[in-house]
1. Quick check: net charge around SER92, other residues with Cβ under 12 Å of its Cβ, Lys/Arg +1 and Asp/Glu -1?
2. Scan (1) 16.6, 48; (2) 18.6, 67; (3) 17.5, 50 for the value of Rg and Dmax of the Cα atoms in Å calculated from this model and give just the label.
3. If we count every other residue with Cβ under 15 angstrom of ALA155's Cβ, Lys/Arg +1 and Asp/Glu -1, where does the sum land?
4. I need the peptides 55-61, 215-221, 28-34 ranked by packing, meaning the mean over residues of other C-beta atoms within 10 angstrom, with the highest value on top.
5. Work out from phi, with θ = phi - 60° and the Karplus expression 6.51 cos²θ - 1.76 cosθ + 1.60, the ³J(HN,Hα) of each residue of segment 233-240, listed in order in whole Hz, and give x for Gly and Pro.
6. Computing the accessible area with a 1.4 Å probe over protein heavy atoms, can you report the carbon and sulfur percentage for segment 138-273?
7. Run the dipole for the chain about the Cα centre, Lys and Arg Cβ at +1, Asp and Glu Cβ at -1, nothing else charged, and hand back the magnitude in debye, nearest 20.
8. Would segment 177-283 count as rounded, prolate or oblate if I go by the C-alpha gyration tensor, calling it rounded below 1.5 in a/c and otherwise prolate when a/b exceeds b/c, oblate otherwise?
Amino acid sequence: MVQMGSLRVHHMHGGRGTPVVFIHGLGSSGYMEWRFNLEHAAARHRVYAPDLPGFGRTEKPRARYGVPFFTRFIERYMEDRGLRSATVVGASLGGRIALELALEHPKRVRNLVLVNALGLGRPNLQLSYGLVTLPRIGEAVMKFAGDAVRWAPQAMIRRVAARYAGASGNLRRTMDDEYFANLREVYSAAGYSDAYLATVRSLVTFKALMAADHDLSSRLGEIKVPVQLIWGADDPLFPVAHATRAHALIVRSRLAVMEGAGHTPQAERPEEFNRVLDNFLST
């Protein structure tokens, strides 16, 4: 834990070398999102993976959750860690935060890695996202999800996750006993549901659904640093077409599409993901 002003922040960190900051996605945490990647990266780099406010083991204040709030947090976290700049790796919502950081605070971002990132086109939002934006219904959905995480058979949760996120492969490894223990801890934490709902409700708005907030394609030409796009080919939320278009618009970009992976290639295909990240960071 580190203390940042009034906020206690949980983070994973270690290793030596050039700094790499990992930003997790919605409802996750640094230690869950990157559980197959941090140790590998720490063999050659100094890695940092904070839990965003409201998620994981970081405190969950009453706040105006959303991309600007999280971006300010990451900038403050880097300043607190003494990082003038770093390679920034973001997945899903974390990718949208990483994009915001690169566009608004470009000196902070030495290299950028976007993993099935929000922000490169209109997402294929599922019904559950629309439901949680509704007063009372959202709270009921979160209570149901928390109960399901505690009591539903793991095999059933894996099937739901596979359908929702396009995941395939060895889901017993991807979602093992440790993962479920962490998931139960996350859902039982006071303030988690409020933070989750506030974040989703900041994202799923009329303006956002019209793509004004979720498609930064017109600004991608502003990114001058090297960019690695890593995408699961079977992601039902953010289609691979988002990545191919971004690759065409970002001058210094590479694209790795992982066949047989969905929304979380870093967990579904960790060896391949780590190899791509290694290659990018070593050039």
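The values are calculated or read from the model by the stated rules, or taken from the named source; none is laboratory data. Everything quoted here is computed from the prediction, not taken from an experiment. As a convention, Cβ positions derive from the backbone with ideal geometry for all residues, glycine included, and neighbour counts pool all protein chains shown. When the accessible area is computed, the model is the full protein with side chains, heavy atoms only, and any ligands, DNA or RNA have been set aside. Shrake-Rupley method; radii C 1.70, N 1.55, O 1.52, S 1.80 Å.
1. Values: positive: ARG96; negative: GLU33, ASP235.
Around SER92, the surrounding residues sum to -1.
2. So the calculated entry is the one marked (3).
3. On the way: positive: ARG158, ARG159, ARG163, ARG172, ARG173; negative: ASP176, ASP177.
Residues close to ALA155 contribute a combined charge of +3.
4. 28-34, 55-61, 215-221
5. Values, residue by residue: 5, 9, 5, x, 7, 10, x, 4 Hz.
6. Details: 3890 of 6530 Å².
C and S fraction of accessible area: 60 percent.
7. For this selection, approximately 460 debye.
8. Details: a/c = 2.13, a/b = 1.22, b/c = 1.75.
Note, shape of segment 177-283 comes out oblate.
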